[in-house]
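Structure, as C-alpha cells:
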Amino acid sequence: MVITRRIKWLVIVLVVLIQATGRPRAQGVATDEERTKIRSLLKTIDIRGGPEAANVVKELVAFGPKAVPVLVDVLNSDKSCLTQWVAGSVVASIDPQHPIAFSTLSEIARGHCTMSSPAEMMLKRQAAMTLARELDGIPVAIELLKSSELFIRQSGAFALHDLLEVIDTDRLDGIKATPELVKASIAAIQALKAVLGDADEIVRCVAEEGLQRATGSKNRAIVDEARKALKGAKVKCSR
C-alpha cells in the first residue's frame, strides 16, 4: 500500500494520540467560546499534516470529554473525509468506547465521505486497514470486498491481507489470536478466496498474497483454512 507522505504523517499523529490513554481530561460542559474554538481548530488542519497539525490535534484532545458533543455535532454535519477522520480520531482518543468513533471509521472505509482532494482517497484505505485490526471491524473489511467501487474493493483486500499477515505471528506488530479472532480470520480467508477470480488484478493478487501470508500463522486452524483456500487456485498476476 502506498500512502502519500502527508497522509502518512497525519495518520501517525492520530494513531499516537489514540494510543495515549490515562492522561487527565478536562471535565464539564464546553462554553460557547470553547465550542467555537474546537470548531475553528478542526478547520485549520489540512491534508498536508506536519507539526502544526500535531499541535492542533493535541489541543483538541486536551479539551477532554466536553469536546465530544461538539465533535459529534461536527461529524453529523460535515462529511468531508478529512474532518471525519480527524474528528472521529479525536473522539476515539478521548472516549474509545463512544459508538460514533467506530461508525465514523466504518463510513470512511465504505467511501461515505466527501473528498476535497485526491489525497484524501488514502484516508478511506487507512480506515479499512485500521478496522481490520479490530474484531468488530473485520466484518466491515470483508463487506468492502463486495463494493461496486473498485478502490473500496481494493481497500478491503489490502486490509484483510494486513490482518492475515500479523495474526498470531512473531512480528512485533503481531496480533494474538483469541478464539473470536480466529473465527473472524477464517471468515476473512473465505472472503479472500471468493475474490481470487476478481476481474481486477490488484484485488485478486493481493487476496492471494494475503492467503499465502496466513499460512505463516502459528494458529493451526488459520493455516489449514488458508491452505484449503489456496489449493488448486490459479490466480493470474502480472508480477
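The values are calculated or read from the model by the stated rules, or taken from the named source; none is laboratory data. These numbers come from a predicted model, not from an experiment. Cβ coordinates were reconstructed from backbone atoms using ideal geometry, including for glycine residues, and neighbour counts include every protein chain displayed.
Key figures for this structure:
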item: Residue check for HIS112: surrounded by fewer than 22 Cβ atoms within 10 Å (Cβ to Cβ) and within 20 Å of ARG39 (Cβ to Cβ); result: no
item: Positions within the stretch 185-239 being charged (D, E, K, R), touching an Asp or Glu at 6+ places or on another chain (Cβ under 8 Å) and more than 22 Å from SER155 (Cβ to Cβ), in sequence order; result: LYS218
item: Residue within the stretch 140-149 that is surrounded by fewer than 17 Cβ atoms within 10 Å (Cβ to Cβ), farther than 21 Å from LYS79 by Cβ and more than 17 Å from the chain's Cα centre (by Cα) present; result: yes
item: Qualifying residues in the stretch 19-47 (those that are hydrophobic (A, V, I, L, M, F, W, C) and closer than 16 Å to LEU71 by Cα) - the one modelled with the lowest pLDDT; result: ALA26
item: Selection within the stretch 181-239 - farther than 20 Å from LEU135 by Cβ and among the acidic types (Asp, Glu); result: ASP198, ASP200, GLU201, GLU208, GLU209, ASP224
